[in-house]
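Every read-out reported here was derived from the displayed coordinates using simple, explicitly stated rules and does not represent laboratory data. Keep in mind that this is a model prediction, so the values were computed, not measured. Please note: Cβ atoms are built from the backbone with ideal geometry, for glycine as well, and neighbour counts cover all protein chains shown.
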Amino acid sequence: MEASPEGVDPSQIGMAMAAEPGVIEVHDLHVWEVTSGMPSLSAHVTVRAGCDTQAHRRRLAELLRERFGIDHSTLQVEARHEGPLEIEPLRRA
């Protein structure tokens, strides 16, 4: 049975991440322990359009280290698309 490491509350972590400026949503959040005392995290994060996704990734990784003691994180940060979506037609060779 898999569970979050003892003393780690994923919902609290998700709320802290979502409270960061520019963050719209945190989803697919997973926290586990690779080995005793080494918590790891992965999550998808949506930020406002026009935000620097890599700057957000670095800032969130720092938050995870400082507040929750999570040194190993994999964060997929994507900017929310604003306006109409344009899809180019498939070009056949």
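For Ser40, what residues show an amide H to amide H distance below 5 Å, using hydrogens built from the backbone and excluding near sequence neighbours?
Trp32, Glu33, Val34
Work out which GluC sites (Glu not before Pro) in the chain are exposed loop sites (DSSP not H, G, I, E or B, at most 10 other Cβ within 10 Å) and give the longest gap free of them.
Values: sites that count: Glu2, Glu6, Glu82, Glu86.
The longest uninterrupted stretch comes out as 7-81.
What fraction of the DSSP beta bridges in the chain is antiparallel, stated in percent and rounded to the nearest 5?
Working: 9 of 17 bridges.
Expressed as a percentage, antiparallel bridges in the chain total about 55.
Could you point to the label whose value was computed as mean projected area of the Cα convex hull in nm² for the structure here, given (1) 9.7; (2) 8.0; (3) 9.0?
(3)
Mind listing the long-range amide H neighbours of Glu25? Cut-off is under 5 Å, sequence gap 5 or more, other chains count too, H placed in the peptide plane at 1.01 Å from N.
Thr46
With Cβ to Cβ distances under 13 Å as the rule, what net charge do the other residues near Ala79 carry (K, R +1; D, E -1)?
Net local charge, Ala79 excluded: -1.
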